[in-house]
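Student: Before I ask anything, here is the structure I am working with.
The values are calculated or read from the model by the stated rules, or taken from the named source; none is laboratory data. Note that this is a predicted model, so its numbers are computed, not measured. All Cβ positions, even for glycine, are placed from backbone atoms using ideal geometry, and neighbour counts span all protein chains on display. Surface accessibility is based on the protein's heavy atoms, side chains included, excluding ligands, DNA and RNA. Shrake-Rupley method; radii C 1.70, N 1.55, O 1.52, S 1.80 Å.
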Amino acid sequence: FLSNYKKTSAKLIAIAPLSAHKLKEFPAESMKPVIKELSKKNIELFFLGSAKEKSILSDYSEGLHINNVAGQFTFEEELAFIAELDLVLTMDSANLHIAAGLGVKTVSIWGPTHRFTGFGPPEHKNHVCISIEELECRPCSVFGEKECYRGDFACMNQIKPKTVIDAIMKML
């Protein structure tokens, strides 16, 4: 699938902005500027997700050209697809663990959960974890299923799109 894209000098990045638990998702109003800025660079963007997430992911692109491959592959095909990417931007989700396990560079965004609860990939030069570490309420949830008891979702709302973009560009 990626052979046509590999012929160009563009970097290949998949973005998996959704998660099984809504609170583990970087807010759309923060993710959209990240996607828009990446689309201006020599980068070919892909959305990863399930078939039922395909239309939700289309809303993230705001008319930009992004390859929405959500629900398009079998599990084995998706593994092969991810293995060919230059980087995966993901939440604390299955895509993080798949990409990290395949040795693909990853930038992950963590909100209510924390990698020290045992679910994060090992610290490695191919992985950058973005989170607001100094919040005393983190982790408020091991799996991301609990509502924010503070009501301000600071763990995600304090992460700036520029922080995410800078981390991606540094990894590339």
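Student: Return a yes/no flag: does region 106-119 have any residue that is under 20 Å from Leu2 (Cα atoms) and under 16 Å from the mean Cα position of the chain (by Cα).
Tutor: At the first step, the residues of region 106-119 found to be under 20 Å from Leu2 (Cα atoms) are 106.
Imposing the further condition that a residue be under 16 Å from the mean Cα position of the chain (by Cα) reduces the set to 106.
Yes, region 106-119 contains at least one residue that is under 20 Å from Leu2 (Cα atoms) and under 16 Å from the mean Cα position of the chain (by Cα).
Student: All but one of (1) closer than 14 Å to Ala14 by Cα; (2) in contact with a strand residue (DSSP E or B) (Cβ under 9 Å, 6 or more places away or on another chain) hold for Glu53; which doesn't?
Tutor: (1)
Student: Specify the residue that is nearest to Ser9 (Cα to Cα); the eligible residues are those in region 20-31 that are part of a helix (DSSP H, G or I) and open to solvent by 60 Å² or more (accessible area, probe 1.4 Å). Step through it out loud before you land on a result.
Tutor: Just the residues of region 20-31 that are part of a helix (DSSP H, G or I), to begin with: 22-24, 28-31.
So of that shortlist, the ones also open to solvent by 60 Å² or more (accessible area, probe 1.4 Å) come out as 22, 29.
Working: Lys22: 35, Glu29: 30 Å.
Among those residues, the one meeting the criterion is Glu29.
Student: If Ala70 passes every condition in (1) touching a Phe, Trp or Tyr at 6+ places or on another chain (Cβ under 6 Å); (2) open to solvent by 40 Å² or more (accessible area, probe 1.4 Å) but one, which one does it miss?
Tutor: (2)
Student: Could you tell me whether any residue of region 44-53 is in a helix (DSSP H, G or I) and either in contact with a Lys or Arg (Cβ under 9 Å, 6 or more places away or on another chain) or within 26 Å of Lys170 (Cβ to Cβ) (or both)? Step through it out loud before you land on a result.
Tutor: First, pick out the residues of region 44-53 that are in a helix (DSSP H, G or I): 51-53.
Among the residues that remain, those that are also either in contact with a Lys or Arg (Cβ under 9 Å, 6 or more places away or on another chain) or within 26 Å of Lys170 (Cβ to Cβ) (or both) are: none.
No, region 44-53 contains no residue that is in a helix (DSSP H, G or I) and either in contact with a Lys or Arg (Cβ under 9 Å, 6 or more places away or on another chain) or within 26 Å of Lys170 (Cβ to Cβ) (or both).
Student: Further question on the same structure: Of everything in region 129-149, what is at pLDDT 80 or above and open to solvent by 30 Å² or more (accessible area, probe 1.4 Å)? Give them in sequence order. Lay out the reasoning, then the answer.
Tutor: Step one: list which residues in region 129-149 are at pLDDT 80 or above, which gives 129-131.
Correct list: Cys129 only.
Student: So which pairs qualify, if the first residue must be in region 81-106 and modelled with pLDDT under 90, the second must be assigned to a helix (DSSP H, G or I), the Cβ gap must be under 6 Å, and the two must be at least 6 apart or on different chains?
Tutor: Met91/Lys24; Asp92/Lys24
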